[in-house]
Amino acid sequence: MNPCLVLVLLMCPVVLVAQPARKALLPTVYTNAGANYQLTYPPTWKVRKNVAGAEAAFYAGAASEPQPAVATLTVQPLPDTQKDLPITTFGGQDSVWRSIVRLPQAQVLRLEQRDLGRYSEVSYDYTYVPAPASPTRTHVVGRRIRRNGYDIKVEYQGATSQDSMYLAAGQELVKSFAFTGKPLPSRRYADQLCDNKMFGIAATRYHNGQWEDDCRTIHEFASNDLTVAPKIHREVLPFQSYALAKGFDNCLYSVTKAPTDAPELVYRYNPATRQGGFTTWRLPAQGPDVSWISAATDERGDLYFMSSDANKLVRVSPYDGSVTPIWAADPLRRAPFYPQIGYSGAGSHGNFCLDDANTMYLVYSTDGSLLKIDLKNQKPNPEMMALSGLPERGGYSDLLMQNDERGRRRMYLAGPKGVYKVDLARRQATLMRKGTYTDLAGCNLFSVVRRMIAPPPVPTTAAWRGRVLNALTYQPLPQAQLRMGLSGFGKMVKINPKGAFSHPGTPGLTYTYHAQLNGYIATDSTWTAVPGPSVQDVLLRPLSVGTTVQLANVQFEQGQAVLLPSSFAALDKLVSLLNDNPGMTIELRGHTDNVGDPAKNVLLSQQRATTVKGYLVRKGIAEARIADTGLGGAQPTASNAQEVTRKLNRRVEFRVTGLQ
């Protein structure tokens, strides 16, 4: 060693410090304010909240770009008419497909749906032209999810020219959306559980120094203590009413007391928001000079309404909106005591409540006696139950049955000037508070039968539908021929005038298909059937000078120009195309990724193109019809940043150079 160098090293020792490896940037997690759901997005993407109706927008690149690639997350409550329906019931895949095909030059790459019981979703992948003069197409990948009465959409959009940079990350962002262990507060009726409040419609109110009829104001009580002053919901009903029921969603349901003898819409009022509106549930005509006088809730959460003559009992199910008549004639007419309460001018006995054993209790308005009917067989109890402790006679207007926190049964009775608690065992009534109410409502503390929502069975059939389209104009090709089967090209599939087709299948099986049309390059591939319906369009590329087609499944030994046997099928199809079009000439183009020496990559891509040419010549194609060139990594079709997309750049394609 040079002595001077040794001296320098001794005098100036060099401290060698290992450089830490550069850590890869991890995806960033986005979680909503309630921690109900989350997704992950690339750390280089910018997030903005509350953008054009979206909860959050994730921009790849600068948000100020003319057409930035962006993913959006939108969460909106569904209309009441839809909040209990899965997406597979309300339009689902069909509505998404119809909206896509209305877009200019749309191509569906993938469209699937699934129903998991607690939530349902449609996932999609398509491209379209955003404007007539647009030089590029827009690529959209997304999911539409319905859960707990909400519509959730997470969607990526970007120009197809940006696919190589952002598409893979956008797809991962969309796929990453997931619910946490803390679900969204459900708006679906089936998921609700009643709270501990009870309500009553106030019959009168004190106004301008005097008492007057009301029947539109609702009083709200905590049911464990009726002595506390109620919260007043003043004149919140749009009509005077005698009937009020409380749903498991803690909303109140009412109907007018007017004897209209016409179908009546049920009104919903939410005490929490103090907002109301009519539902789509329509009670049948109640009869001339008859009003709806009472309503109640059963342990399953269904609502019941009864007419003042007790001749109509109707059940409304908020789960599906069904309205079902239970009876059209008063069962108490068969009771031995009926002559005592059914004479002309007698008070009503149509006010009722339900317990958790399918028993209906009714109150005779004249003296407060209780009556019973078995709802299963509509058989009345043979005796009336007189109550002690009722100082007033006449004007008993409703019953409410509940259980307390310990499971003890409680019955409340609305009298002419107060609310009473009824001890059924002793047949005794005790005044709890003063006030006159036309109807009481509550559903809390029942031994509630929760409706379990089991995942629907997985479909045992599959169906593939789509359209055969021109690969350049994306216009339908109804004249094309499409064959599909488990072996070979199978049977002919019918194509309608709009270029659409549908083919049934068995989930898990892989079908081969072949599409062709004169003047177009035939295509064949496979479809693996998944349970239920799916959509994917088939493209046929016009046979014209300049058309470039990638040779699918043409592969080589690593780093070599030696064809793998798996490539022969695709090359044989090119041989058939050249034989069917003897005047066609082509140029073979070899491509690599950007890994390694660029000059060596160009040489390897040239050698691979030459190898393919040699295969075609050996199959009888004239050498003069085939040119070949190597482009190395100069023309990538996907990002070279990661292997999953980098491998897409290692390809061989052919370009049509002449047609005679």
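The values are calculated or read from the model by the stated rules, or taken from the named source; none is laboratory data. Remember, predicted model here, so these are calculated numbers, not experimental data. FYI the Cβ positions are ideal-geometry reconstructions off the backbone, even for glycines, and counts take in every protein chain you see. Keep in mind that these areas ignore ligands, DNA and RNA; they rest on the heavy atoms of the full protein, side chains included. Shrake-Rupley method; radii C 1.70, N 1.55, O 1.52, S 1.80 Å.
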Go through (1) surrounded by 13 or more Cβ atoms within 10 Å (Cβ to Cβ); (2) hydrophobic (A, V, I, L, M, F, W, C); (3) over 28 Å from Gly418 (Cβ atoms) for Ala262 and report which single condition fails. (1)
Can you list the strands (runs of 3 or more DSSP E) lying wholly within region 507-579 that have 1 or more residues being without any contact (Cβ under 8 Å) to a residue 60 or more places away in the chain and surrounded by 13 or more Cβ atoms within 10 Å (Cβ to Cβ)? 510-516, 523-528
Cβ contacts < 8 Å: first residue at negative phi, restricted to region 160-182; second residue in a helix (DSSP H, G or I) and surrounded by 14 or more Cβ atoms within 10 Å (Cβ to Cβ), any location; separation 6+ or different chain. Result? Ser164/Thr645; Ala168/Thr645
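Open to solvent by 30 Å² or more (accessible area, probe 1.4 Å) and touching a Ser or Thr at 6+ places or on another chain (Cβ under 7 Å) - does that describe any residue in region 323-343? Before you say what the answer is, go through the steps one by one.
Within region 323-343, the first condition is being open to solvent by 30 Å² or more (accessible area, probe 1.4 Å), and the residues that meet it are 323-326, 328-329, 333-334, 336, 338-340, 342-343.
Keeping just the survivors that are touching a Ser or Thr at 6+ places or on another chain (Cβ under 7 Å) gives none.
No, region 323-343 contains no residue that is open to solvent by 30 Å² or more (accessible area, probe 1.4 Å) and touching a Ser or Thr at 6+ places or on another chain (Cβ under 7 Å).
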Could you tell me whether any residue of region 274-287 is free of Cβ contacts under 8 Å to residues at least 60 places away in the same chain, touching a helix residue (DSSP H, G or I) at 6+ places or on another chain (Cβ under 9 Å) and not charged (D, E, K, R)? no
Among residues belonging to region 580-601 that are open to solvent by 50 Å² or more (accessible area, probe 1.4 Å) and part of a helix (DSSP H, G or I), point out the one that is farthest from Gly630 (Cα to Cα). Asp580
Among the residues listed as Val290, Val314, the single one being modelled with pLDDT under 95, under 23 Å from Tyr437 (Cα atoms) and among the hydrophobic types (A, V, I, L, M, F, W, C): Val290
Taking region 21-54 and keeping residues out of contact with any strand residue (DSSP E or B) (no Cβ under 7 Å at 6 or more places or on another chain), open to solvent by 100 Å² or more (accessible area, probe 1.4 Å) and either under 28 Å from Gln76 (Cα atoms) or at pLDDT 50 or above (or both) leaves Lys23, Leu25, Leu26, Ala33, Asn50, Ala52
Against the definition (open to solvent by less than 40 Å² (accessible area, probe 1.4 Å), of a type in the set (Ser, Thr, Tyr) and free of Cβ contacts under 8 Å to residues at least 60 places away in the same chain), how does Tyr253 come out, yes or no? no
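Yes/no per residue for (1) of a type in the set (Gly, Ala, Ser); (2) within 15 Å of Thr438 (Cβ to Cβ):
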residue	(1), (2)
Ala243	yes, yes
Leu252	no, yes
Pro263	no, no
Ala272	yes, no
Gln275	no, no
Phe278	no, no
Arg282	no, no
Does region 612-628 contain at least one residue that is in contact with a helix residue (DSSP H, G or I) (Cβ under 7 Å, 6 or more places away or on another chain), assigned to a loop (DSSP other than H, G, I, E, B) and touching a residue at least 24 places away in the same chain (Cβ under 8 Å)? yes
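For every residue, the table says whether it meets (1) open to solvent by less than 40 Å² (accessible area, probe 1.4 Å); (2) at pLDDT 90 or above; (3) more than 30 Å from Tyr253 (Cβ to Cβ); (4) polar (S, T, N, Q).
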position	(1), (2), (3), (4)
Gln76	no, yes, no, yes
Gln93	yes, no, yes, yes
Trp97	no, yes, yes, no
Ser123	yes, yes, yes, yes
Glu155	yes, yes, yes, no
Gln162	yes, yes, yes, yes
Ser176	yes, yes, yes, yes
So, in region 208-226, how many residues would count as being under 17 Å from Met432 (Cβ atoms) and either open to solvent by 40 Å² or more (accessible area, probe 1.4 Å) or free of Cβ contacts under 8 Å to residues at least 24 places away in the same chain (or both)? 3
Starting from region 487-506, take each residue that is farther than 19 Å from Ala529 by Cβ and list its partners that are open to solvent by 40 Å² or more (accessible area, probe 1.4 Å) and outside any loop (DSSP other than H, G, I, E, B), counting only C-beta distances under 7 angstrom and pairs at least six apart or across chains. Lys498/Pro476; Gly499/Pro476
Applying the selection to region 616-651, what residues are open to solvent by 60 Å² or more (accessible area, probe 1.4 Å) and more than 22 Å from Ala569 (Cα to Cα)? Ala624, Ala634, Gln635, Pro636, Thr637, Ala641, Gln642, Glu643, Val644
Residues that are β-branched (Val, Ile, Thr) and in contact with a Leu (Cβ under 7 Å, 6 or more places away or on another chain), drawn from region 572-599: Val575, Thr592
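For every residue, the table says whether it meets (1) on the phi > 0 side of the Ramachandran plot; (2) open to solvent by 40 Å² or more (accessible area, probe 1.4 Å); (3) within 30 Å of the chain's Cα centre (by Cα).
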| site | (1), (2), (3) |
| --- | --- |
| Glu299 | no, no, yes |
| Asp302 | no, no, yes |
| Asn311 | no, no, no |
| Asp320 | no, yes, yes |
Here is a list of conditions, (1) at pLDDT 90 or above; (2) surrounded by fewer than 17 Cβ atoms within 10 Å (Cβ to Cβ), and Arg205 meets all of them except one; can you say which number that is? (1)
